[in-house]
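Please treat every number below as a calculation from the coordinates, not as lab data. Values in this document were obtained by computation on a predicted structure and should not be read as measured data. Positions of Cβ are backbone-derived with ideal geometry, glycine not excepted, and every protein chain shown enters the neighbour counts.
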Amino acid sequence: MLDYYQVAELFTPEERQVQAAARKFLEAEALPHIAQWWEEGVFPKHLIPRFGEMGFLGANLPSAYGAAEVSNVAYGLIMYELERVDSGLRSFASVQGALVMYPIYAFGSEEQKQRYLPELAAGRLVGCFGLTEPDGGSDPDANMKTRARRDGDHYVLSGTKMWITNGNIADIAIIWAKDEEGVVRGFIVPTDAPGFTANEVKHKMSLRASVTSELVLDEVRVHKDQMLPKAQGLRAPLACLTQARYGIAWGAMGALEAVYTEALEFASSRVTFGRPIAARQMVQHKLVEMLTAHTQGLLLAWRLGRLKDAGRLTYTQVSLAKRQNVRAALQAARTAREILGGNGITLEYHAIRHMLNLETVDTYEGTHDIHTFIVGRDITGKNALG
Ligand SMILES: Cc1cc2nc3c(=O)[nH]c(=O)nc-3n(C[C@H](O)[C@H](O)[C@H](O)COP(=O)(O)OP(=O)(O)OC[C@H]3O[C@@H](n4cnc5c(N)ncnc54)[C@H](O)[C@@H]3O)c2cc1C
């Protein structure tokens, strides 16, 4: 790992092993093919059971439910390694673990946990998380038009979800809908239920090695036992987002390592006016800025992980790290692209793929500006959001 401050000394031996195993696996199975998958706009579905075998899915959840039960730092390092290859791979694992397994684990009944979590951990089932709707994602409470109407032992769900990662490859969808009292509820919806349609979003210029979908629910009937009994109100989906954003804070540093390393190697061998461009002050300045951002972000992610392991993590701390690390990685990817010159616009190099992916990462799971308002509200006590 790129590690200017020997942060890895702060990891346990098990955490270092988890990271080394993830890197070895991904360098063999994913890195050589990622540019092609991205260009063709396909997600490598064949890797899903392999991710399960590697323990990548919901890795910080209990082994009693089939998960790896590693520390939050080890979980973060898995996200780091996945995103070092591509934000799309990390997005798959974030959704499966933090946005599908976590809500079932935190808000589900024991029967739901026993039934779904081992299958999801093994990658035999795939899930997606439907919160965002076409009218806008930043204000999910006001924009939630999806409704759950009680009908005897069933709920009838109607509405449309937008920008849903894994939508077309999912077996189950966690759907957030308002009940007849206007309370947000979560449902585990089988995607083969009558009235459920997933339409893949095409022509994306970002996260191309990831499936993104519109979900249409037209009077989808689910048994009341499919409702997550402990999820009441918007706090439940927001708690899931905190889990996913935590992983993103780590993942973004993986992408930053990828673009920094590539830019450094290129700058060291590219000769102009008789010297490698790495010998030029302006190029060194750019590289040092990138390395500094990685060093800061890695320390931030590590501290966040230790707070999470201690049960002391706050959602505003996660907002600060998601906001900071993703924007830093996006800036670095743009700088790396610049250092690569014309080569930087091709998929022969990784920089532009990471750069375009990170545009999504900067927007989803709360935009950069929304996280500014979340932290701003925390420190000033004044709400700039509403
Ligand atoms: C590839 C991809 C995958 C995704 N995957 C999922 C998924 O799996 N599940 C899911 O539920 N969602 C998913 N999303 C949706 C994502 O979370 C939303 O795109 C995000 O929340 C922003 O919502 P929006 O795009 O509707 O933008 P809007 O909410 O319409 O915001 C537009 C702009 O306005 C700004 N803005 C909003 N409110 C304010 C304000 N009060 N003051 C100032 N500026 C403001 C925002 O920062 C943004 O720049 C995904 C999105 C993408 C692109």
Say the dipole of the chain comes from +1 at the beta carbon of Lys and Arg and -1 at that of Asp and Glu; which of N143, Q331, F196 then lies farthest toward its positive end?
Q331
What's the angle, to the nearest 10 degrees (0 to 90), between helix 368-380's Cα axis and the longest principal axis of the chain?
80
Hey, what does the equivalent ellipsoid look like for segment 126-194, semi-axes from the Cα gyration tensor as sqrt of 5 times each eigenvalue, largest first, whole Å?
18, 17, 8
Any chance you could count the Lys pairs in the chain whose alpha carbons are under 23 Å apart, treating pairs 8 or more apart or on different chains as valid?
24
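Please get the size of the charge dipole for segment 94-242, origin at its Cα centre, with Cβ charges of +1 on Lys and Arg and -1 on Asp and Glu, quoted in debye to the nearest 20. Kindly include the intermediate steps, with their values, before the conclusion.
Values: 17 positive and 19 negative charges, 65 e Å.
Roughly 320 debye, rounded to the nearest 20.
With r as the distance between the Cβ atoms of E219 and N143 and R0 = 25 Å, compute the FRET efficiency 1/(1 + (r/R0)^6) and round to 0.05.
Numbers: r = 21 Å, r/R0 = 0.84.
Computed FRET efficiency for N143 and E219 comes out at 0.75.
Based on other C-beta atoms within 10 Å, arrange I175, I339, I34, I345 from fewest to most.
On the way: I175 27, I339 24, I34 19, I345 12.
Fewest to most other Cβ atoms nearby, the residues stand as I345, I34, I339, I175.
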Loop only per DSSP, at most 11 neighbouring Cβ atoms within 10 Å: give me the trypsin sites (Lys or Arg not before Pro) in segment 339-386, ordered by residue number.
K382
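Calculate the dipole size of segment 7-126 relative to its Cα centre from +1 charges on Lys and Arg beta carbons and -1 charges on Asp and Glu beta carbons; express the result in debye to the nearest 20. All intermediate terms of the calculation are to be shown ahead of the outcome.
On the way: 10 positive and 15 negative charges, 29 e Å.
Charge dipole, segment 7-126, about its Cα centre: 140 debye, nearest 20.
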One checks the Cα atoms of segment 7-126 and finds Rg and Dmax, in Å, of 14.2, 42
Tell me, which longest segment in the chain has none of the GluC sites (Glu not before Pro) that fall in DSSP loops with at most 10 further Cβ atoms within 10 Å?
1-179
Out of D135, D153, D362, a Gaussian network model of the chain with alpha-carbon springs under 10 Å gives the largest mean-square fluctuation to D153
Expected sort for H203, H371, H33, H354 with the fewest Cβ neighbours (10 Å cutoff) up front is H203, H33, H371, H354
Specify the angular offset, from 0 to 90 degrees and rounded to the nearest 10, of the alpha carbon long axis of helix 351-363 from the longest principal axis of the alpha carbons in the chain.
40
Hey, what angle do you get for helix 235-269 against the long axis of the chain, alpha-carbon based, 0 to 90 degrees rounded to 10?
20
Suppose we take every Cα in the chain and form the convex hull; what volume per residue is that in Å³?
135
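With a 10 Å Cβ neighbour count serving as the proxy for reagent exposure, in which order, fewest first, do V259, V95 appear?
Numbers: V259 31, V95 25.
The most exposed by this proxy come first: V95, V259.
Please state the charge dipole magnitude for the chain, taken about the Cα centre, from unit charges on C-beta atoms (+1 on K and R, -1 on D and E), reported in debye and rounded to the nearest 20. Write down the numbers at each step before the final one.
On the way: 41 positive and 44 negative charges, 160 e Å.
Dipole magnitude for the chain comes out near 780 debye.
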